[in-house]
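> The structure is given below, and queries will be raised subsequently.
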Amino acid sequence: MTEPLQERIAQAMAELQATQAAVARAEADLRQASATVRSSDRVVEATVGAQGELTGLKFLDNKHQNMTGPQLASSILEAVQQGRAQMARRVMDTFEPFTQPGPEGSARRGIDLDWNRIFGSALDGDQGRSRRSSRARLRDEIDEDSQ
């Protein structure tokens, strides 16, 4: 037995409002988020915000004074890139539930996000973790099952 159209519309609207509220909470949480990482040589500490922006930079124990310019630049770039990658992963993990379809009978289809297009080079420091769109991963899983 099918539900009357008005009930289905009301259910879809309630789901939409719940999703909008969840997205707003996630965005508010991420506005306050940051990642602080140290370079592997422990010379530089970089803090990066949720949008990948550099919000803090510290030179630890004056170790930078014994470095050449290119060495220091390399340490800074390494720490910043690690921080950007860490924040990109956090953002992706936060929004991953919205990329999935809703439960059986739900009107929510899930959104398809191209994380590489969104974060670009920030994912280069993601230590080999492949982040493709949710639908591309699903297509790969379906293809694997059919073989």
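The values are calculated or read from the model by the stated rules, or taken from the named source; none is laboratory data. Keep in mind that this is a model prediction, so the values were computed, not measured. As a convention, Cβ positions derive from the backbone with ideal geometry for all residues, glycine included, and neighbour counts pool all protein chains shown.
> When you go through (1) modelled with pLDDT of 90 or more; (2) of a type in the set (A, V, I, L, M); (3) assigned to a helix (DSSP H, G or I) one by one for residue 136, which number turns out not to apply?
(1)
> Suppose we filter the stretch 1-40 for residues that are part of a helix (DSSP H, G or I), among the basic types (Lys, Arg), touching a residue at least 12 places away in the same chain (Cβ under 8 Å) and over 19 Å from residue 101 (Cβ atoms); how many remain?
Our first condition is that a residue be part of a helix (DSSP H, G or I); within the stretch 1-40, this holds for 5-31.
Checking which are among the basic types (Lys, Arg) leaves us with 8, 25, 31.
Narrowing the set further to residues that are touching a residue at least 12 places away in the same chain (Cβ under 8 Å) leaves 8, 31.
Filter again for over 19 Å from residue 101 (Cβ atoms), leaving 31.
Qualifying residue count for the region: 1.
> What residue, among those in the stretch 41-56 that are among the aliphatic types (A, V, I, L, M) and not in a strand (DSSP E or B), is farthest from residue 115 (Cα to Cα)?
Step one: filter the stretch 41-56 for residues among the aliphatic types (A, V, I, L, M), giving 43-44, 46, 48, 50, 54.
From what is left, the residues that are not in a strand (DSSP E or B) are 43, 50.
Values: 43: 31, 50: 14 Å.
Checked the stretch 41-56; the qualifying residue farthest from residue 115 (Cα to Cα) is 43.
> Could you say which residue among 83, 120 is under 14 Å from the mean Cα position of the chain (by Cα), assigned to a helix (DSSP H, G or I), exposed (fewer than 13 other Cβ atoms within 10 Å of the Cβ) and at pLDDT 50 or above? Lay out the reasoning, then the answer.
Details: 83 fails: exposed (fewer than 13 other Cβ atoms within 10 Å of the Cβ).
Only one candidate passes the filter, namely 120.
> Something else now. Take the residues in the stretch 8-28 that are among the charged types (D, E, K, R) and more than 18 Å from the chain's Cα centre (by Cα); name whichever of them is modelled with the highest pLDDT.
Taking the candidates together, the pick is 15.
> Taking residue 105 as the residue in question, decide whether it is under 18 Å from the mean Cα position of the chain (by Cα), under 30 Å from residue 18 (Cα atoms), modelled with pLDDT under 90 and part of a loop (DSSP other than H, G, I, E, B).
On the way: under 18 Å from the mean Cα position of the chain (by Cα): no; under 30 Å from residue 18 (Cα atoms): yes; modelled with pLDDT under 90: yes; part of a loop (DSSP other than H, G, I, E, B): yes.
Against the criterion (under 18 Å from the mean Cα position of the chain (by Cα), under 30 Å from residue 18 (Cα atoms), modelled with pLDDT under 90 and part of a loop (DSSP other than H, G, I, E, B)), residue 105 does not qualify.
> Taking the criterion of being within 21 Å of residue 93 (Cα to Cα) and of a type in the set (Ser, Thr, Tyr), would at least one residue in the stretch 1-14 satisfy it? Break it down into steps so the answer makes sense when it comes.
First, pick out the residues of the stretch 1-14 that are within 21 Å of residue 93 (Cα to Cα): none.
There is no residue in the stretch 1-14 that is within 21 Å of residue 93 (Cα to Cα) and of a type in the set (Ser, Thr, Tyr).
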